[in-house]
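Heads up, the thing below is written out as structure tokens.
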Amino acid sequence: MRNPYEVLGVAPTASAAEIQSAYRKLAKKLHPDLNPGDKAAEDKFKEVASANDLLSDADKRKRFDAGEIDASGAERPQQHFYRDFATSDQGNPYADASGFADFIDEDDAFAELLRRSQRARANRRGQDLHYHLAVDFADSIAGATKRLNLPDGSTIDVTIPPGLVDGQTLRLKGKGAPGTGKGGPGDALIEVEVRPDRRFTREGDDITLELPISLTEAVLGGQVRVPTPTGDVTMSVPKGSNTGTKLRLRGKGAPRRGGGQGDQFVTLKVVLPKSPGPELEAFVSSWKDRDYDPREARA
């Protein structure tokens, strides 16, 4: 820690009044309530408060000047911090209203800010706690209840609403850090990651799937089993279907926010057997339309 005289910008011969004046000037500039979210200002305020605590105490200042204690006042480290940053209220000069006496003796806007800050901290709401939870694609569509293991060994049961999207944050009220006084607990904010599923792709409220079918099913048509996030269903393949034929399963997509369900679109892919065999080869060889040009048909 730096020399407290340097922190406050005063000479070692400074009077108590000069030290108090330097402290007030820096505190008004660096106070956390006037610099919300500014970590650098917060750290400087801690240093200034600690330096003032040492130098405004005649006995501690005398012992510091004599080299009996160091700049941190190591004997009582918790006395060097503003109430918000102390680990204990015991021995902390800002634990109650008396710690604000050096400000409240003047009826100015800064003193009033500290009064309000003091009252607010006595009943402060607990902090929100942030967590991450990964769920399967099917659970994001159909909904589920998942158990989240917390760092302290406890668990939270998280309800996954149907239709949840990747990156969505769920709020569990009252499951965050405890508050102080009459302040209630904070909330648990859970960012949900949806694990990819190699079978399905989500496009808004609709789902797409590529389904392999046999040559027989493509030519003659038939009933086939199709996976959906909520379970397999039976679908009719029309005669003469081809690779790229797209069929619709109504209501098998994700739940829509305003009600109803999206659809699942199934794109067919004709797949030949791994070993066609002589019968298929003989049939194709004798097939009168075998010389058709599929590339011309696509043009």
- Note on the structure: If we keep only residues of region 18-33 that are over 33 Å from the mean Cα position of the chain (by Cα) and free of Cβ contacts under 8 Å to residues at least 40 places away in the same chain, then the residue nearest to VAL48 (Cα to Cα) is LEU26
- Are any residues in region 132-151 farther than 21 Å from ARG199 by Cβ and β-branched (Val, Ile, Thr), and if so, which ones? THR145
- Query: All but one of (1) under 24 Å from ILE69 (Cα atoms); (2) touching a helix residue (DSSP H, G or I) at 6+ places or on another chain (Cβ under 7 Å) hold for SER15; which doesn't?
  - Reply: (2)
- Task: Examine region 167-178 for a residue that is assigned to a loop (DSSP other than H, G, I, E, B), in contact (Cβ under 8 Å) with a residue 40 or more places away in the chain and surrounded by fewer than 15 Cβ atoms within 10 Å (Cβ to Cβ), and state whether such a residue exists.
- Result: yes
- Query: Hey, among ALA27, ALA120, which residue is part of a helix (DSSP H, G or I) and either under 30 Å from VAL165 (Cα atoms) or modelled with pLDDT under 65 (or both)?
  - Reply: ALA120
- Message: When you scan region 252-271, do you find a residue that is surrounded by 16 or more Cβ atoms within 10 Å (Cβ to Cβ), on the phi < 0 side of the Ramachandran plot and among the β-branched types (Val, Ile, Thr), even just one?
- Response: yes
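From the list SER275, SER241, SER236, SER214, which residue is free of Cβ contacts under 8 Å to residues at least 40 places away in the same chain and closer than 20 Å to ARG199 by Cα? Walk me through how you get there before you give the answer.
Working: SER275 fails: closer than 20 Å to ARG199 by Cα; SER241 fails: closer than 20 Å to ARG199 by Cα; SER214 fails: free of Cβ contacts under 8 Å to residues at least 40 places away in the same chain.
From the options SER275, SER241, SER236, SER214, the qualifying one is SER236.
The values are calculated or read from the model by the stated rules, or taken from the named source; none is laboratory data. A quick note: this is a predicted structure, and the numbers were derived from the prediction, not measured. Glycine also receives a Cβ, built like all others from the backbone with ideal geometry; neighbour counts cover every protein chain displayed.
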